[in-house]
1. Let me confirm something: among SER82, SER73, SER68, which residue is modelled with pLDDT under 95 and among the polar types (S, T, N, Q)?
2. For region 12-48, which residues satisfy the criterion of being in a helix (DSSP H, G or I) and within 19 Å of LYS135 (Cα to Cα)?
3. Output the number of residues of region 17-56 satisfying the condition of being modelled with pLDDT under 95, surrounded by 13 or more Cβ atoms within 10 Å (Cβ to Cβ) and among the hydroxyl-bearing types (Ser, Thr, Tyr).
4. Have a look at ASP49, ASP40, ASP92 and point out the one that is within 23 Å of VAL127 (Cβ to Cβ) and of a type in the set (Asp, Glu).
5. Out of the residues in region 57-94 meeting the condition of being touching a Ser or Thr at 6+ places or on another chain (Cβ under 6 Å), polar (S, T, N, Q) and closer than 28 Å to ALA132 by Cα, tell me which one is surrounded by the fewest Cβ atoms within 10 Å (Cβ to Cβ).
6. Filter region 122-152 down to residues that are among the charged types (D, E, K, R) and within 12 Å of the chain's Cα centre (by Cα) and give me whichever is modelled with the highest pLDDT.
7. Filter region 108-125 down to the residues that are part of a loop (DSSP other than H, G, I, E, B) and out of contact with any Lys or Arg (no Cβ under 9 Å at 6 or more places or on another chain), then identify the one that is farthest from LEU75 (Cα to Cα).
8. Given (1) surrounded by 13 or more Cβ atoms within 10 Å (Cβ to Cβ); (2) among the hydrophobic types (A, V, I, L, M, F, W, C); (3) touching a residue at least 40 places away in the same chain (Cβ under 8 Å); (4) assigned to a helix (DSSP H, G or I), identify the lone condition not met by LEU97.
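The values are calculated or read from the model by the stated rules, or taken from the named source; none is laboratory data. The structure displayed is predicted, hence computed values, not measured ones. Here Cβ is always computed from backbone atoms with ideal geometry, including for glycine, and neighbour counts include all displayed protein chains.
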Amino acid sequence: MSGLEQLYQQIILDHSKHPHGVGLEAGDETSHQRNPVCGDEITLALRWDATGERVTGIAWEGSGCSISQASASLLSTLAKESTDDGWSWTPDEFTALIHEFREALRSRGTIPLDEETFGDAAALSGVSKFVARVKCAMLAWVAAEDLLQRRA
């Protein structure tokens, strides 16, 4: 295993053991996604700015394998880092990000996630080589997409 693969594996393990963004609040509009094959579950909420036009954060709860839990944590971290930098996502920008993530994960290893765009979530690139695990990594992203579509 290369040094980069070891680093990516460590990022996934760290996020699954010490997840970020966990904790839904009463009244949150949520999307619940479940992988019927393995039983992984994610319930996710989007945080919006005062105008309701930009996503400023992500909160979630879930259970399942290290990949599904790490992916939700990494998505939450990506949103927080964007907000800390004074940036947030419009629904169109977030939808494009989800599309790019899905395309990379479905590529069977031919399209790596860009670290500049995805930060530590780029560690999930290797999941694309394991077709049975792609749905695990996609759960949180599908939940976010569902919430964006409901709002459209």
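1. On inspection, the qualifying residue turns out to be SER82.
2. ILE12, LEU13, HIS15, SER16
3. Number satisfying all stated conditions: 1.
4. ASP40
5. Selected residue: SER66.
6. GLU145
7. The qualifying residue farthest from LEU75 (Cα to Cα) is THR110.
8. Condition not satisfied by LEU97: (3).
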